[in-house]
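Report on the structure given below.
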Amino acid sequence: MPEITMVEAVRQAMKEEMERDETVVVLGEDVGEYGGAFKATEGLFQQFGEYRVIDTPISESVIVGVALGMAIIGFRPVAEIQFADFITCGFDMIVNQTATLRYRTAGDMHAPMVIRAPSAAGVHGGLYHSQSPEAWFAHTPGIKVVVPSTAYDAKGLLKAAIRDEDPVVFFEPKYLYRRAKDEVPEQEFVVPLGKAKLLQEGGDVTVVTYGSMAPLCRNAVKTLEEEEDLSIELIDLRTIMPLDKDLIYESAKKTNRVVLVYEDHKTLGIGAEIAALLADELFEYLDAPIARVASPDTHIPYSPPLEEFYLPKKEDVIAAVHRVIEY
Amino acid sequence: MAVKTYPKEKLLKLYHDLLLTRQFEQRLSILYRQGKIVGGLYLSRGQEAIPVATCQHLRKDDFISPVHRDLGAFLVKGMDPGVLMAQILAKQTGPSKGKDSFLHAGSKELGIIPPTSILASTIPIAAGVAFGFKIRGEDRVAVSYFGEGGSNRGDFHEGLNFAGLHKPPLVLICENNKYAYSTPVEKEMAICCVAYRAESYGFEGLIVDGNDALAVYDTMEYAVNKAREGGGPTLIECMTYRISGHSEHDEAKYQPPEEKEIWKRRDPIENFRKYLTDRGQLDESEDQRIQTQIAQTLDKAVAFAEQSPYPPPEDALRHVFANEEPKYGDRHHI
Ligand SMILES: Cc1ncc(C[n+]2csc(CCOP(=O)(O)OP(=O)(O)O)c2C)c(N)n1
């Protein structure tokens, strides 16, 4: 199996889906001849032409709104927002227009479309090229939210998202675009939405993570197992909404201790929801309070020492695991 | 018709500011290649006349709302070159103290609204500043800069509509450099000129050669005077060209070489130098004196920025709210 990067996996997913289904179109700023700011759409314009790989003006409400209009009449648009931070400029189109369509037409219309956006920090992008906006969308009924952490998952999940009948917001952690490299089969495959992945089994503590924090957690878990003889169960959510409660519950019932790790700001992030669910539905199985490792509730700073301070670290994960064990 | 004449010191100041801007950016380019700039670098080579010439007419108490290709505006508006350099190198001594990147620096004292990356968001904000000046009866103006690409966003249209309604002292400067990242202007809008859009919001739109420093200077003089005298907003579209890539990491293969060559010959600084020397306003030794002075300023600025410390890591938590007491959730490790 060839090893590819996450950005190449994203590109392959779009290419294959466009070949498979001629209603799939790609649109966004600079996605055409230029191939996208991160080169995720490279070559698609040359292969499929200007009516399937559509360069748009700088207008995020147009990108999402046009995608929605096309979706209503039978296309499957894949819209690119150049950086996740600019998704705010199309927020109304996503939250009020797209997410509600099926509901407000009582199922008469729906919007099978994907909104892709490079998200998260770690590349000195500064305040406006670093945010992790998944919680904003997970809070909105009617849209699915995906954040892959490997090239394999990125490809399989994006293909599933394109085939899905509902709008999917697909965040690609840009820090991993060229750093996450793995073997991806050449044969057709999809990774179903809404299913988390058990990265490894363990008995002492469950660590739940996703996106940019998944490689960091793998690393922390490795250290804990090698140096302290602990056995950790590691779960990569992959889809934030709908959340794979079954896998999280199953694991929490087994280990009785849970650490939640995510890059977004801590308060009201994805971890808050999972902790509330566990407290509500699994209280009697828990031997320790649920720990959250996330970023502080500050903006994402630019200068290297500030950004480094801001981002959760391997040591934070290790400390949280100790905390739930020693409780 | 009488030919307009300009006081020599104004011409030489304009020349100095243009050169300072270009040479500042040349230093940045070197620092970037040395890996001393950790984020992106967006240069204005070939377009310097627009921010530099327009800002000549502004007072310290006027406000500007610049964007990513307006380095010159920061300098003319009075930001210390060392402080600006420190901002770009992510140091503690920059206006954002390392919080934000590149030109995302502001100053209340100098009347500079810090840019963000959200294109065209500057327009309603500058309209608000101008509206405030108007309702307080002040003769100050606000100037908003943006690219033709950004003018396709809703914020542009909503801001212009508001400006048309209330006629505040606002000058809108569109830097039409023919490209928005890789996308040529023909793929962004169906009309040739952003200036046409002004009329539909009820005010004047003008078009000027953005590579002709004096033409920009004159047009701005008209718009600023009009704004100060209660004549309302003006949109000035400066026609120019982006000589380099969108940013230093963009090779810009999409820009036809012939097109670039034509515009290189229209270099605003070279042409202005020629204008000055042809009219005996600048001789070799004066030019040399200005160049040396700029080189010294920039040596000092780079040294200041390089010697400045990075911010202390915990500063990442500061300046979120007025009350800086640690808040719930402000630490990831408890
Ligand atoms: C709302 C928003 N969408 C997308 C971007 C990404 N982006 C940054 S600069 C740029 C091109 C800007 O073109 P233009 O406004 O013409 O200014 P220029 O860079 O040509 O000076 C794009 C698409 C952004 N910063 N903000």
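If one computes the Cα centroid of the range B:267-296 and of the range B:1-76, what distance in Å separates the two points? Using only Cα atoms to place each centre, the spacing works out to 15 Å. Contact residues in the range B:91-124 (at least 10 Å² less accessible area with all protein chains than alone, 1.4 Å probe): B:G98, B:K99, B:D100, B:S101, B:T116, B:S117, B:I118, B:L119.
Comparing each chain alone with all protein chains together (probe 1.4 Å, DNA, RNA and ligands left out), the residues of the range A:125-155 losing at least 40 Å² of accessible area are A:Y128.
Accessible surface computed residue by residue for chain B, with neighbouring protein chains in place and a 1.4 Å probe, gives 43 Å² per residue. Mind pulling the angle between the C-alpha long axis of helix A:6-20 and the longest principal axis of chain A? Nearest 10 degrees, somewhere in 0 to 90. Here the helix axis deviates by roughly 40 degrees.
Could you compute how much accessible area chains A and B hide from each other, both sides summed, with a 1.4 Å probe? Nearest 100 Å² is fine. Write down the numbers at each step before the final one.
Working: alone 14030 and 15980 Å², together 26400 Å².
Looking at A and B, the buried total is near 3600 Å².
Dipole size of chain A about its Cα centre, with +1 on Lys/Arg Cβ and -1 on Asp/Glu Cβ: approximately 360 debye, rounded to the nearest 20. Mean per-residue shielding of peptide B:312-319 is 6, counting Cβ atoms of other chains within 10 Å of each Cβ.
Shown here for the range B:214-276: trypsin sites (Lys or Arg not before Pro) in loop regions (DSSP other than H, G, I, E, B) with at most 14 other Cβ atoms within 10 Å, namely B:K253, B:R265.
Remark: the Cα gyration tensor places the range A:186-327 in the rounded category, a/c being less than 1.5. In chain A, the longest principal axis of the Cα atoms and the axis of helix A:60-72 are about 70 degrees apart.
What does the average come to when, for each residue of peptide A:303-315, you count the partner chain Cβ atoms lying within 10 Å of its Cβ?
Working: counts 18, 7, 11, 14, 5, 2, 8, 4, 2, 2, 2, 0, 1.
Per-residue shielding by partner chains comes out at 6.
Taking amide H atoms as placed 1.01 Å from N in the peptide plane, the amide H of A:A79 lies under 5 Å from those of A:L27, A:V114, A:I115, A:R116, each 5 or more residues away in sequence or on another chain. For chain B, with all protein chains in place and a probe radius of 1.4 Å, 54% of the accessible heavy-atom surface sits on carbon or sulfur.
Excluding ligands, DNA and RNA, the accessible surface per residue across chain A is 37 Å² with a 1.4 Å probe. In the elastic network of chain A, a GNM with C-alpha springs shorter than 10 Å, the most mobile of A:V145, A:V66, A:V26 is A:V66. In sequence order, the range A:73-86 has phi-based couplings of 9, x, 7, 10, x, 10, 9, 9, 9, 4, 9, 4, 4, 7 Hz under the Karplus curve 6.51 cos²θ - 1.76 cosθ + 1.60, θ = phi - 60°, and Gly or Pro positions carry x. Remark on the range B:13-43: accessible area falls by at least 40 square angstrom from chain-alone to full-complex state for B:V38, probe 1.4 angstrom.
Solvent-accessible area of the range A:1-114 (1.4 angstrom probe, protein heavy atoms only): carbon and sulfur portion equals 55 percent. For chain B, set up a GNM with springs between Cα atoms under 10 Å and report which of B:I135, B:I112, B:I88 has the largest fluctuation. Ranking B:I135, B:I112, B:I88 by mean-square fluctuation puts B:I135 first. Look at the Cα gyration tensor of chain B: its axes a ≥ b ≥ c give a/c under 1.5, and that counts as rounded. For the range A:103-113, backbone phi angles converted through the Karplus equation (6.51, -1.76, 1.60; θ = phi - 60°) give residue-by-residue couplings of 4, 6, 9, 6, x, 5, 10, 8, 10, x, 8 Hz, Gly and Pro being listed as x. Relative to the longest principal axis of the Cα atoms of chain A, the long axis of helix A:151-163 lies at roughly 50 degrees.
The values are calculated or read from the model by the stated rules, or taken from the named source; none is laboratory data. Quantities reported herein were computed from a predicted structural model and do not represent experimental measurements. Every residue, glycine among them, receives a Cβ derived from its backbone with ideal geometry; neighbour counts consider all protein chains shown. Note: areas computed on protein heavy atoms with side chains; ligands, DNA, RNA excluded. Shrake-Rupley method; radii C 1.70, N 1.55, O 1.52, S 1.80 Å.
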